[in-house]
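A quick write-up on the structure given underneath.
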Amino acid sequence: MAEFESKLPVSGGKNHVFEACHHVVKALRASDNNLDANLRKLLSDLESHLSTFGIADTKVEDAGFSEIKERFKEAVKKICSWETNQSTILEAGLSAANQFFQALYEVQSVLVGFKAFPIKTNPKEKDVYNQATVALDIAMLRLEKELRDVLHQHKQHVQPEYLAVSSHRKDIVYDESFVSLDDEVVVEASSHEDDEQISDFYNSDLLDPIVLPHIKAIANTMFACEYDQPFCEAFIIVQREALDEYMVTLEMERFSCVDVLKMDWEDLNGAMRKWTRVVKIITQVYLTSEKQLCEEILGDFESISTACFIEISKDTVLSLLNFGEAVALRSCKPEMLERFLSMYEVSAEILVDVDNLFPDETGSFLRIAFHDLSKKLADHTTATFLKFKYAIASDESTRPFHGGGIHHLTRYVMNYLKLLPEYTDTLNSLLQNIHIDDSIPEKTGEDVLASTFSPMARHLRSIVTTMESSLERKAQLYADEALKSIFLMNNFRYMVQKVKGSELRHLFGDEWIRKHIASYQRNVTNYERSTWSSILALLTDNNNSVKSLRERCRLFSLAFDDVYKNQTRWSVPDPELRDDLHISTSVKVVQSYRGFLGRNAVRIGEKHIRYTCEDIENMLLDLFECSPSPRSLLSSRRR
Amino acid sequence: MRPAQDNQGSFLGRISIRRNQFVDVNNEQEQEDLELFQKHIADRFTELLSPPQPPPSDETNTVASVAATEQIMSVTWLRKLMDVFLCCEAEFKAILLMGRDPTQISKPPFDRLVPEMLDRSIKALDICTAVVNGIDSVRHYQRLAEIAVTALEQRPLGDGNVRRAKRALANLVVALSLEDKENVSGGGGGGGGGNKTTERSWSFGRRSGGSSAASKGGATIGQLKSSSWAVGRNWSAAKQIHAMTANLTPPRGNEAAGLPQPMFIMSTVMVFVMWVLTAAVPCQERSGLANHLPVPPKHLNWAQSLIGIHEKIGDEWKKKEKKGSAGLMEEMTRMEKLGHSLMEFADGFHYPAEKDAAESAAAQVAEMAEICRRMEEELVPLQQQIREVFHRIVRSRAEILEVLEQAGKVSAPVV
């Protein structure tokens, strides 16, 4: 009301209109105790305003009426001059606005006066009353247009360029055989990078604050004149359209449940990613600002402010809820875990904001819907997580994995797990009540970090244990005992490297890492024993005859050829591990061979010796290089 | 891998353990259940078709208003319909899942019937969404009517009040008589000064009819209106309803005596309820829906009342379709009638009001006010009920899928 009042010029001099009004107001207040709150407010404002002039309570005379009529005519003229004017009153400046509001005030005063004494009025006065209703309606319609135009022209949006959903990132593309998740893909994947930007816009104004007093003046005036419903309707429409439009700039499309169920993973993934961002922007930034705007404009009428806010936001909010619910209709595929985690995380995070947006009964169904959705996403995320383990457990191979290298399953699972520490808090809360058998007992041994014993850590270790069993089964498919060792060594080494090189190390813990290093080292030993023990046994000489020595030398060469032919096709992708393996093999084999030749070369005779020590040393370097075809013994390495 | 308590912990799960023990032995029990189910369906829809008459009363006003609230397609009736649906659904789910060997519903003919049913329920979800959105449009009509009521309640009634009422009424009448194609569209901004624009329904009124100032005022904003679909791009209520009925045929032969029967009944009820909802309120794209619903065979006892309701609504719709209508909700129909009549009053109004005309208008204003009051009381609860139906359908689908998954695990070796 303050604005309305301030727009009234305090023109000096005695004025019969004021006299009349003063009288009317007093009479009205005395006559009716059931006055509408708005009217009562208007009256008290009017009264205090009038009293500043110190006008005596005198009887209204006929001369007074004609002067009222004159002033009224002027006011109507002023209002009508705005009827067809396309520019806003705001643009016309403060004094024009003052004049408009003053004219409106006079018209309203006349109406209030007549309503107080409907019986007494004569036909002439009645005519003035009728004209006043029309003038008021013209003014109100003009203000309604003003409201729309100003809201529209001065709206402000959260800058969409900051909010563009980054689409450059690749995502996990799931495949039943776990083949598709490569190391490179995962490195960049992280969904939390844009958080800062959102909070920067936490308190953005949806409307230029400069025009706020003007809008408030319109609101107070229209409410005072009982045009509150048209005000609300116009306000709701404009603001709802602005929100719709904003959703379009965010490129948040609406999808039916049928669409969401049919959508291929790539599209759905994009839509889920977008939802995660949009739902946050809308609840934390946009609607928070919208509510604030409603309160600033309609703060004096609290329940109306709430009702308007709900009407403005309901449709969009429901569409966002619907998408969440539609996504939860899909079956829980492991590849969806990360998206579900982020959707759930956001849904839980915004609950505080949602509670603030819809605190009371009127908005309770939206508030409850958000809580329900969050719960649903929690269940779905947990189910997806548990399904992941199930998928690993049921991953079976029928043929041995080529070259004994790192299995797709290992790559997929480890890279997948690497994504999860980002969601540690979320996963811990989701998994805390789901019991799991764990390989590491409570705080014994060398682990001291609490994170190592968190629910998430236990579950991750359990997933890896499941994977290890699967790898053991896959290892059984190899006929060659040595290759089996190489396979296990490779995969365990890969697991350890992934854990050590990422946040996973705090979850898996030192004891787990130590045990797994020991495990692949045991496989190194196993390999060396199964490949080389029998071969090196040929090089032990116990007073053998020349013939026997020559035979042993020949057999060694044959066996070595055989190893060479096979093991050059094997794979040890980790260069460090390969070097270690080359060195330790070389030390054993070359030393034994050198010793054997040193003792016996003369007796055997040079033409019976196929390989020199250098030959052996060089050829050993070819092992585990994963050659596509059997390496020829006549390769360049040979003299 | 799924923890077993998921199923066992639920209410149905617990009952199923108990019933499991004798259901296989006792086929008669199942027959009895099926008959009871059909009887309940019949009873519930009979009550909807002809609601119990209120006791005679001296106050004619009360009788009229009670009768009106109970009338088919009134918002109160629609809320009752939602309750009926929820009851039928709960009973059906009990029949389908309780005490049943999971493998049974994964074998033929259920390997076809169950997925078809689940498919239908997904389509029903989208219809729920569209209808909730449509009710928002009705809320908009309600607000327009309220503006007219407030204006016409002013005493003494001046030209200015009537002017204001006329504007609101014109917008209301136009909005109420628009067809979906115009009412709900994603086409973006419409033509500037014309009465017919392509916008979403709820934002309609302010654009059309009324004084020149109103049209001019609204047009600027209207043209900038961005496209927005209630459900999804190119989604059509008519197509969804049509697809839901596509493979819906009564079970024959042996199947008619067993589980396929209640499945058919429940599906019919679901399609019917969704059809009624789309008929009641503005809904994204529903052209031709008046004729879409295939009526179940007349000889089926449980279907009699349902067919009766269907015919009533169908007739009304066909009548309305010729001139276009935003929805058949009883309150909207009356609102439209009152709107036209009050428009007439407003057009012929000269200050000061003529006594007779004013009195008859006052009665109509009071009726309009009563409709608004009822809408204010019941529309949002109806929206919430439809959301509840949505969630119920989601939950049932999840439960059925869970049972199927268990069946899958039983038949496939678990590693």
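See the values below:
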item: Vicinal HN-Hα couplings computed from phi for region A:562-571 (Karplus, 6.51 cos²θ - 1.76 cosθ + 1.60; Hz; Gly/Pro x); result: 4, 4, 4, 4, 6, 7, 5, 8, 7, 10
item: Average beta carbon contacts from partner chains per residue of A:132-143, 10 Å cutoff; result: 5
item: Cβ-based net charge around A:MET263, under 12 Å, with every Lys or Arg adding one and every Asp or Glu removing one; result: -3
item: Total formal charge among the other residues, if their Cβ is under 10 angstrom from that of A:SER331, Lys/Arg +1 and Asp/Glu -1; result: +2
item: Charge sum, other residues only, whose C-beta stays under 10 Å from A:PHE560's C-beta, Lys/Arg counted +1 and Asp/Glu -1; result: -1
item: Inter-chain shielding of B:130-136 (mean C-beta neighbours from other protein chains, 10 Å cut-off); result: 2
item: Integer Hz, Karplus 6.51/-1.76/1.60 couplings in order for region B:297-310, x for Gly and Pro; result: x, 5, 6, 6, 4, 5, 8, 3, 5, 4, 5, x, 5, 4
item: Protection proxy ranking of A:333-339, A:552-558 - average other beta-carbon atoms within 10 Å, highest first; result: A:333-339, A:552-558
item: Cα-projected label distance for A:ASN428 with A:LEU555, points at 7 Å along beta-carbon direction, nm; result: 6.2 nm
item: Calculated from backbone phi, Karplus (6.51, -1.76, 1.60) coupling profile of region B:243-249 in Hz, x at Gly/Pro; result: 5, 5, 8, 3, 10, 8, 10
item: Length gained when the stretch B:CYS87-B:ASP315 is fully extended (0.36 nm per residue, less Cα-Cα span); result: 79.3 nm
item: B:ALA362-A:GLU253 FRET efficiency (beta carbon distance; Förster radius 41 Å; 0.05 resolution); result: 0.25
item: Inter-probe distance in nm under a simple model that places probes 7 Å from Cα toward Cβ, at B:ALA398 and A:ALA601; result: 7.8 nm
item: Amide H contacts of A:GLU625 (H built 1.01 Å from N, under 5 Å, at least 5 apart or other chain); result: A:TRP570
item: For B:LEU178, distant residues with modelled amide H under 5 Å away; result: B:ALA326
item: Under-5 Å amide H pairs with A:LEU207, H placed in peptide plane, nonlocal only; result: A:GLN156
item: Shielding by other protein chains, A:316-322, mean Cβ within 10 Å; result: 4
item: Pairwise FRET efficiency - B:GLN304 versus B:GLU405, Cβ, R0 = 25 Å, nearest 0.05; result: 0.05
item: Estimated inter-spin distance, A:SER545 and A:THR362, nm [label 7 Å along Cα→Cβ]; result: 11.1 nm
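Bear in mind these aren't lab numbers, they're just calculated from the coordinates by the rules spelled out. Keep in mind that this is a model prediction, so the values were computed, not measured. All Cβ positions, glycine included, derive from the backbone under ideal geometry; neighbour counts span all protein chains shown.
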